[in-house]
Amino acid sequence: MTQRFLDQCRTLLGASFVLTDAADIAMHLMDHRQRFAGNGLAVLKPADTAEVAAIVRLCAEFRIPIVPQGGNTGLVLGSVPDQSGSAIVLSLVRLNHIRGIDVINNTMTVEAGCLLQNVQEAANQANRLFPLSLASEGSCTIGGNLSTNAGGTAVLHYGTTRALCLGLEVVTAQGDIWHGLRGLRKDNTGYDLRDLYIGSEGTLGVITAAVLTLFPKPVSQLTAFAAVASIDHALTLLTLARSASNNAELTGFELMSAFSLELVERHFPSSTMPLRHSNSASAPYFVLIEFSSQETIADSATALENWMATALEQGVIQDAVVATSIAQTQTLWHLRESISPAQAAEGKNIKHDISIPISVIGTFIAHTDHALQRHFPGCRMVTFGHVGDGNLHYNVSPPQDQPSDAFLAQQSAINRVVYDSVSQFNGSISAEHGLGALKIDEITHYKSVIELNLMRTIKTALDPLNIMNPGKVIRAS
């Protein structure tokens with residue numbers, strides 16, 4: 001039966017787009033952090049939506065599980081198959097066309113396999129902005145961004161991927177095509193199917209194309225880097241930043257612990273640490289702030305400098321530097337974006353992508369840091385993230401002298417301390433990475449039975465054969 005299925009796949013797609021050799025499919029089976037290798041029947045690479053639909057219908061006929069995959073940059077095992085070897089990986093990388101840009105409607109229609117960076121560049125060429133920005137934008141795809149409702153650094157002003165999408169084209173679990181590519185900002189005609197598929201991690205259907213929202217390009221963008229004495233000072237600075245200027249929008253507000261930047265300096269010696277020789281060099285936290293404006297850069301710079309002076313006078317910040325060139329701006333953002341690779345270079349660690357009500361972030365960090373030190377003495381906290389929207393990357397590294405494998409053996413216990421604290425502070429154990437397979441059991445501790453049953457009802461209704469990315473997000477039974 002398996003051979004007959006594969007033969008029909010080759011007839012549909014062409015033999016060169018049905019990969020079965022171990023060497024050819026290995027990269028599609030390994031997760032982004034290279035900690036888990038699944039097994040798969042084949043990797044299929046359709047060229048368009050019609051071929052996706054045909055493959056899904058064939059999988060439904062043969063009861064073959066489907067794992068949709070874009071750039072495979074996820075961190076929760078959502079885009080790789082399990083180890084049973086029964087599933088196919090449905091790679092969407094060939095669906096990589098930008099179908100059109102409507103500059104009057106401020107929309108762009110793109111296929112799911114388009115790299116995020118290519119979408120950004122296409123918008124820029126049309127003198128527009130697509131604001132979704134991630135460290136992985138050179139390798140992640142729009143389909144993956146939509147399936148996980150990706151966040152990134154600009155959520156504070158522009159919202160998550162869900163807020164940036166007006167319409168979808170989706171292949172259902174039955175192999176039908178839902179043509180929902182409407183560039184409408186108002187469409188009150190029933191259940192919002194678009195929002196249902198966004199964030200579902202391929203468990204309800206396969207997103208093949210989307211209508212994305214574009215924005216006017218800012219005339220100027222200014223970046224500042226400030227040292228703060230505590231999280232509470234950072235939150236006060238956030239409040240000030242929100243009202244810094246009537247003509248400038250706060251588009252980025254990133255928190256970085258001193259230890260996270262210490263790792264960047266250690267593993268990327270060419271990185272330039274601002275304020276290194278100032279009195280604030282020993283500050284426990286630093287904040288990266290970005291303002292976008294339709295004013296000239298000179299007017300914006302004056303407003304930002306006045307705002308920073310006020311923050312200094314009030315003791316909200318210890319010191320600050322304002323980027324005065326594109327190169328300096330890129331250097332500041334490079335520091336932020338280098339934290340994750342620096343932590344990886346330091347060794348294995350336990351990551352937590354969490355969200356907390358902004359007003360209690362400081363209390364949460366103090367409470368949870370203390371609990372972790374009590375149970376796991378010497379663990380090192382790498383705390384950073386999009387604090388402007390409440391999203392923390394709250395990562396735990398082993399003590400300096402402890403082998404990382406021994407520390408990782410305690411991951412379940414460490415997760416329980418962190419996630420129990422997240423729940424206590426009315427937060428979420430997944431802010432922007434999704435649940436995948438990694439958190440499918442964890443979520444049962446923190447969602448009500450009613451909520452889980454509602455999710456399961458939706459899954460069963462839309463995917464009764466349970467072939468769409470099974471074992472991710474919610475168990476079918």
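Taking Cβ atoms as reference points and 13 Å as the exclusive limit, the residues near Ser338 contribute a net charge of -3, counting Lys and Arg as +1 and Asp and Glu as -1. How are the Cα pair distances of the chain distributed, in percent, across 20 Å bins from 0? The calculated distribution, bin by bin, is 23, 54, 22, 1.
Taking neighbour counts of Cβ atoms within 10 Å as a proxy for exposure, in what order, fewest first, do Met256, Met27, Met381 appear?
The order, fewest Cβ neighbours first, is Met27, Met381, Met256.
Electrostatic tally near Asn124: other residues with Cβ closer than 15 Å to its Cβ, Lys and Arg +1, Asp and Glu -1, net 0. Counting Lys +1, Arg +1, Asp -1, Glu -1, what net charge surrounds Arg182 among other residues with beta carbon under 13 Å of its beta carbon? Result for the local shell: -1.
Counting only DSSP H runs of at least 4 residues, each contributing -39500 (n - 2.57), and dividing by the residue count of the chain, the helix-based mean residue ellipticity at 222 nm comes to -10500 deg cm²/dmol.
Counting only whole DSSP H helices of the chain, the ones at least 15 Å long by C-alpha along their axis and with mean Kyte-Doolittle hydropathy no lower than -0.5 are 2-13, 49-62, 231-242, 297-313, 361-375, 411-424, 449-462.
In a solvent-free Debye calculation with one equal scatterer on each Cα, what is log10 I(q)/I(0) for the range 332-394 at q = 0.18, 0.28 Å⁻¹, listed in the order of the q values? The Debye formula, applied to the Cα set alone, gives -0.74, -1.25. Relative contact order, whole percent, for the chain stands at 15, derived from Cα pairs under 8 Å and 6 or more residues apart.
Can you list which of the trypsin sites (Lys or Arg not before Pro) found in the range 182-222 are DSSP loop residues with at most 15 other C-beta atoms within 10 Å?
When the trypsin sites (Lys or Arg not before Pro) of the range 182-222 are filtered for loop state and at most 15 Cβ neighbours within 10 Å, Arg182, Arg185, Lys186 remain.
Each value in this text was obtained by applying a stated rule to the coordinates, not by laboratory testing. Please read these numbers as outputs of a predicted model, since none were measured by experiment. Cβ atoms come from the backbone with ideal geometry, glycine included; neighbour counts cover every protein chain shown.
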